[in-house]
Structure formats: C-alpha cells, structure tokens
Amino acid sequence: MKIEGFELRRIALSIVSPFRTSFGTQTERDILLVKAVTDGAEGWAECVTLPQPVYSPEYMEGSVDVLKRYFIPAMADVRDASGVAPALHKFKGHPMSKAVLETALLDAELRAEGRSFARELGSVHERVPCGVSVGIMDSVPELLDAVGGYINEGYVRIKLKIEPGWDVDVVRAVREKFGDDVLLQVDANTAYTLRDARHLAKLDDFDLLLIEQPLEEEDIVGHADLAKMLKTPICLDESVTSAQTAAAAIRLGAASVINIKPGRVGGYLEARRIHDLAAAAGVPVWCGGMLETGLGRAANIALASLPGFTLPGDVSASGRFYATDITEPWVMEDGHLTVPTGPGLGVTPIPEVLEEFTTSVEWVAA
Ligand code: OSB
Ligand code: MG
C-alpha cells in the first residue's frame, strides 16, 4: 500500500446534554477526523483527543500540530497499518495522535482487502452489551432521572462519574431507587488520594462491579495499596497507557480489571495486545469510550466483541451523545449493538452530514 497523504477534517457537534466529570464539563465537541488516502482505498478514523489536556496530556491543537509536524511526514515509507507504531516509536507520547493514523490506515487496508475490523481483531460475538457513562449532575433527583431513562432505554450497565462530595451518597441513592440487580460501577478520573481510602471503602457496601481510576495516573503502587483496603475491584483507565503499563499494573496488583481505550494506548493493535495479556492473566477487560461519533464507535464495537471483553463497555448508542451522528446511527436493540461486518470499519461518514458539521479541512501529504 502506498500512502499518499491524510485529510485532517475538524467537525463541530453539540452533545445532547452536558457531560461532567471530575476533570471538567463537555458541552460541545470539536472533533478531528482523519482520512487516509492510499493507492488501494481510503480509510477513516476519529481522533479521541479532548480540547484541553485534562484527561491525559494530549489536547486537540497539540494533536493537529504533532500530526502535521512529525507523524504524517514519518508515514512516507510505511507500507501497512502494522508499520505505523514502529515508524512513530521514536516519538514520545501522543498515543491518541498515533492511534488515529494507524486506525485510518487499517481501515484503508482492510477495505482494499474486503475484510472487516472485527474479523481482523479476532471478534467472537455478533453483538455487544451496552453500558452508559453518566456524568456528575447538579442534584441527586436529576441524576436518578437520567439513570432511570437509561435503564428504560435498555442499557445493561450504569457507570456513575464520582468526585469528592459526589460519591457514597449518590451510589446509595441509585441503589435504593433501582435495586441490587443493576450492574453498577463508578469512575473517579483520578479525583482521590490514598488518604481517602477509608471513605472509598464505604463503597464496598453497594456491590459495585468496580471503581475506575480513583488515584493519579502515575500512582500504580497507590492503587495496589488501595486494592488491599477495598473489597470493590479496582479498574485502571488513565494509568494504562501501553501493554507494558498494563502488565506492570497487573503484576503489582494495582488492577483487577482494565478499561481498554484504543486512543489512550496508541491504537487498536496495542489494545488487542492488552486484551491478550489481560486474558492470559485472568483479568477481565472492557472497552472504554471517549464520546466517539459513529465512526470511532464502530471500531470500539468491533474491539468489544473480542473474547476477553467480559464486562459491558462504555459502548452506547449514537443517541447517548449525538442527536445527529455523522454515520448511520448506532441504535441499541435489547441493550446491545450489532458488531459491524462490512469491509474496514463497516461505516463511513455520510457526505452531506459531514459537510454540514465541518469547520475546516486540510490536506497533508505523506
Ligand atoms: O474516564 O472513561 C472516562 C469520556 C471522556 C473522557 C474520559 C472518560 C469518558 C467516559 C466515557 O466516561 C464516555 C463515553 O464515551 O461513553
Ligand atoms: Mg475512565
């Protein structure tokens, strides 16, 4: 495959309701889409970088800059998607920016060969269960309304965002209202320290599936210490930036569950390696989300259908975030989404919708 270059397209989408986490509130999205142009086929991918460096060190303008200045020029001699990570290895960090190039090229390559992303990654299911991530709200009644709505829609697992002041009482209220059968978990996005261990242990009363990333990204040992003080399983998100950090976290007892987000770890190929090593260690994994459009969602659904993804992911229907999606909308049936089987990602942006939401387009030759 000969790479000609990449189109960098920015789109602006509003989200259906503000999404608040311990690190900030997302009200509208400024999303970078990348189209790879090769002599075989074209391929698409969505960059999951947020506008500000508040979830991880990457931020949107930084992604655009590093792609144009360093990563795309390094693609000239790359022949297929598996060559992307080696070609970019000397550049430190920026996993989301690396992932978007690899994914776009993988889509192009698989389209040219008529093979699906799911098949390529090792999918074993035709559909995947849907979980939903529910943001921090202004009041508990407002949260209970939102959770009730998602349960009625059919979501099989609820994840509550937590932070100091919005944690134990909120979880108790959700359990009291919706009962013990709801699959429930919480995500702190690094908002606590080890000094909060005794407070966090109060969550043990509520039979949560897991607590996600209570401590700082770098604090692997702290998570291992905390794991000894809690009954609730600890799941890492931010801390797992590669297969290497995943292996270290598992070995140290810092993670009994892993949230796999392909962007955070540099792409779907590294995501699969983490899946494989976690499966070998008996550690369950689930697919995280970064408020993706239908494009990024398609790839996540394929990944979530691998055998080690034994917990429902933050894999929601398009309507969770977007009134109008840029692809055919992902619609949930019976709490599940159907794994795409068409060539590549199996979906492409709808040209008219894409035009409507586009704010800029730039061509960068490899
Ligand atoms: O911590 O999982 C997270 C969204 C943006 C940044 C970080 C996180 C999230 C979510 C997932 O919670 C939301 C989704 O895409 O469904
Ligand atoms: Mg998280």
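We did not get these values from a lab; they are worked out from the coordinates using the rules stated. None of the values given here were measured: they were computed from a predicted structure. Note that we place each Cβ from the backbone using ideal geometry, even for glycine, and neighbour counts take in every protein chain shown.
Data overview
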read-out: Label-point separation, Thr324 to Val168 (7 Å along Cα→Cβ), nm; value: 4.8 nm
read-out: Table column - 3J(HN,Hα) (Hz), the range 350-357, Karplus curve with 6.51, -1.76, 1.60, x for Gly and Pro; value: 7, x, 5, 5, 4, 4, 4, 9
read-out: Under 5 Å, built H, 5+ apart or other chain: amide partners of Glu212; value: Val186, Asp187, Ala188, Cys235
read-out: Loop-resident sites, the range 81-155, for GluC sites (Glu not before Pro), counting at most 13 other Cβ within 10 Å (DSSP); value: Glu126
read-out: Residues whose placed amide H lies under 5 Å from that of Thr327, excluding near-sequence neighbours; value: Gly294, Leu295, Ile350
read-out: Förster radius 22 Å - calculated FRET efficiency between Val331 and Val16 (Cβ-Cβ, nearest 0.05); value: 0.90
read-out: Simple spin-label estimate for Leu183 and Glu4 in nanometres, 7 Å along Cα-Cβ; value: 4.4 nm
read-out: Inter-label distance for Asp39 and Ala365, nm, one decimal - labels placed 7 Å from Cα along Cα-to-Cβ; value: 1.6 nm
read-out: Burial order of peptide ranges 66-77, 158-169 (average beta-carbon count within 10 Å, highest first); value: 158-169, 66-77
read-out: The chain, Cα convex hull volume normalised per residue, Å³; value: 120 Å³
read-out: Centroid-to-centroid separation of the range 181-230 and the range 339-366 [C-alpha atoms, Å]; value: 38 Å
read-out: Contact order normalised by residue count of the chain, Cα under 8 Å, 6+ apart, percent; value: 23 percent
read-out: 222 nm mean residue ellipticity, helices alone, for the chain (DSSP H n ≥ 4; -39,500 (n - 2.57); rounded to 500); value: -9000 deg cm²/dmol
read-out: Per-residue ³J(HN,Hα) for the range 276-287, Karplus 6.51 cos²θ - 1.76 cosθ + 1.60, θ = phi - 60°, Hz, x for Gly and Pro; value: 5, 6, 5, 4, 5, 8, x, 9, x, 10, 9, 8
read-out: Whole-angstrom gap from the range 245-280 to the range 36-101, using each part's C-alpha centre; value: 20 Å
read-out: Estimated FRET transfer efficiency (Glu142, Ala280; beta-carbon r; R0 35 Å; 0.05); value: 0.25
read-out: Cut-off under 5 Å, modelled amide H: who pairs with Ser14 long-range; value: Arg29
read-out: Segment Lys92-Lys231, extension gain: residue separation times 0.36 nm, minus the distance between their alpha carbons; value: 46.4 nm
read-out: Residue-by-residue Karplus 3J(HN,Hα) for the range 251-266, coefficients 6.51, -1.76, 1.60, Hz, glycine and proline x; value: 4, 7, x, 8, 9, 9, 8, 10, 8, 9, 10, x, x, 5, 10, x
